[in-house]
1. Using a Cα-Cα cut-off of under 17 Å, which lysines could be cross-linked to residue 595, ignoring same-chain neighbours fewer than 8 residues away?
2. Would you mind putting 218-231, 175-188 in packing order, based on average other-beta-carbon counts within 10 Å, highest first?
3. Tell me, what HN-Hα J-couplings in whole Hz come from the Karplus equation 6.51 cos²θ - 1.76 cosθ + 1.60 at θ = phi - 60° for each residue of region 474-479, using x for Gly and Pro?
4. So what's the net charge close to residue 495: Lys and Arg +1, Asp and Glu -1, counting the other residues with Cβ under 14 Å from its Cβ?
5. Suppose we keep just the DSSP beta bridges with both residues in the chain; what percent of those would be antiparallel, to 5?
6. Quick one: Karplus J couplings for region 345-362, per residue in order, coefficients 6.51, -1.76, 1.60, θ = phi - 60°, nearest Hz, x for Gly and Pro?
7. Here are a few candidate values for P(r) over Cα pairs in 10 Å bins from 0, in percent: [x] 3, 15, 25, 27, 19, 8, 2, 0, 0; [y] 3, 11, 14, 15, 16, 15, 12, 8, 4, 2, 1, 0; [z] 3, 13, 19, 18, 18, 15, 9, 4, 1, 0. Which one was actually calculated from the structure I just gave you?
8. Could you order 448, 111 by accessible surface area, starting with the largest, using a probe radius of 1.4 Å?
Amino acid sequence: MGRPWNRRAWPAELIARLLRISDNGGVLRDLGAMLTKLTIRNFKRFDDVAIDLGKSVVFIGPNNSGKTTALQALALWEIGLGAWRAKRGGKTSSVPAQRPGVAVNRRDLISVPVPAANLLWRDLHTRNIRRVDNRITTANVRIEVVVDGITADKPWSCGLEFDYSNEEAFFCRPCRQQGYEEAPIRQVTFSEIPEAAIALKVAYLPPMSGLTDREHLKQAGEIDFLIGQGRTAEVLRNLCYRVFQAQNDAGKNSGNAWKDLVDLIQKLFGIELLQPKYIAERGEITMQYKEKGSRLDISSAGRGLQQTLLLLAHLYANPKTVLLLDEPDAHLEVLRQRQTYQLLTDVAEQQGSQIIAASHSEVVLGEAAGTGKVIAFVGRPHTMSDRPSQIMKSLTDVGWDLYYQAKEKGWILFLEGATDLAILRTFADQLKHPAASHLERPFVHYVSTNLPSKARDIFFGLKEAKPNLCGLAIFDHLEAPLQTGGPLVELAWRRRELENYFCRRDVLLAYARGSTPGDLFSNAGQVTREKAMEEAITEVAGALEKLGKLSPWSADIKATDEFLDPLFRNYFRKLNLPLSFRKADYYKLAALLPKEEIDREIVAKLDEIVRVAERAKPSK
């Protein structure tokens, strides 16, 4: 495999070719057109939102927050613009007085596939019905997508509106000018379509969906259709073949695109990408690579390599294009995510393209925050990376991923580790406590050092960006006093740690009686599980006493490290079984504690979780 991405380590010739460095050291940019703003109304989950764009943009946010919807709105705009351009032969941008719209069939929505056209409308609401003077009137609800951009240093704006017709089709036309929103079609004055918008190219790319073992030669339109349907597994070799062929076509002036692609894949993955070949007899494209002297089919490569190759081939096959990338970090491990984002932005700049990507990756988020524009899809989409400098510094220190979680939830819970969360959930479920719902998907951050200062630094760093953030920190036992009266509620367990509240002989014996290792393994012998647990408890407790340590039932012993860990090692050894119950499983012991014997301190902490969570003000 290749070394991690490091621009300084690359050969000067490759860097110059990649970034197109001029003789005077400046980067030669030919960005063509760049989109600067996207406004969406009544489309899918959006009512009326405006999203700032830039040369390199990353949409970040949780699942189902609207990132892909925003990309699809741009794709819908491009499809509508293409239908408009086709109807008028691409020769004029003016709007005719008669029949200003063009019909679009839902089957043409290759980048926005839907089984029925009304699924494009927010809440499926395609018509307004009103009663005026005892008469019922209807009016269409229009989807509007307005795109602002810059071409050759000249700003432009192009808006399209979409009118529902039936499940199979809708009409697309330029947006109405101000003041004509409610007027009948024949009386409306429409905005013009700028020539710069007509010349714009937009290309959508979903994540890699694997790779077929065979791939037939496809035309450009079919490739775009399959990509729009998410069938990237069927087009990777075709994209590479297009890049390879374009390099040999002087008329397209594509320079050294194939050589650059081969060099980059070699640098990143340590393999030699071989030229794709068209087998005319079978109408098939084959493609191989060399690794350690062996020739392998590209289908043998790992998913991360295939994903990176798909992204790069797509970029090189679509120069001077607005590239809509849905989860470009899919299938990539953490180091590759950073490499790939840096690489995509560099190649896009070289190609004169603009990248608008949707991602879940914390790594991509952190990288984009320093070099591009980040749009957080938490509540209403908003720009994260244009914050005042003190907020930018604060978010850089604590993590941009924590910021959008804070916006989404409105409160943060600090715990010692993931086992504490699992234990609290277990107790809340047993007690049927209202905290159970708040602990299902909390914004939780683990402070394994048990230092209150660490939790405070993160909390108040996030509070710079979200002033109404509230929080709760629950620490293991501390001798030093905690702060009180602030927006971060600080509590500590009276016992050494949370596991001490169910570290009891009866709980451990109940586990032994209820566990079923003997059902899975035949070598448990005649030793009963309960007897093995009794013996293990006696032996480990005796060892602690000999060493002058605390009793295993003491409130001050570190129950996990000093007693439970050695206890279960001893228990499973007596059963001649591999250790299969570790700290991550100890929350299951909490479920064996009788409900009426759960310490009131547990209940008090759950009550506080409810109080803090109910004060939270998530972004809407």
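The values are calculated or read from the model by the stated rules, or taken from the named source; none is laboratory data. The shown structure was predicted, so the numbers you read here are calculated from the model rather than taken from an experiment. Don't worry about glycine lacking a Cβ; one is built from the backbone with ideal geometry, like all the others, and counts go over all protein chains shown. These accessible areas exclude ligands, DNA and RNA; they are computed on the full protein's heavy atoms, side chains included. Shrake-Rupley method; radii C 1.70, N 1.55, O 1.52, S 1.80 Å.
1. Within reach: 432, 605.
2. Top of the packing list down: 218-231, 175-188.
3. After applying 6.51 cos²θ - 1.76 cosθ + 1.60, I find 10, 9, 4, 3, 10, 7 Hz.
4. Net of charged neighbours comes to -4.
5. On the way: 54 of 84 bridges.
Roughly 65 percent of the DSSP beta bridges within the chain come out antiparallel.
6. Karplus values, whole Hz, x for Gly and Pro: 5, 5, 5, 4, 5, 4, 7, x, 10, 10, 10, 10, 10, 10, 8, 9, 6, 5.
7. So the structure-derived entry is [z].
8. Final ranking, largest accessible area leading: 448, 111.
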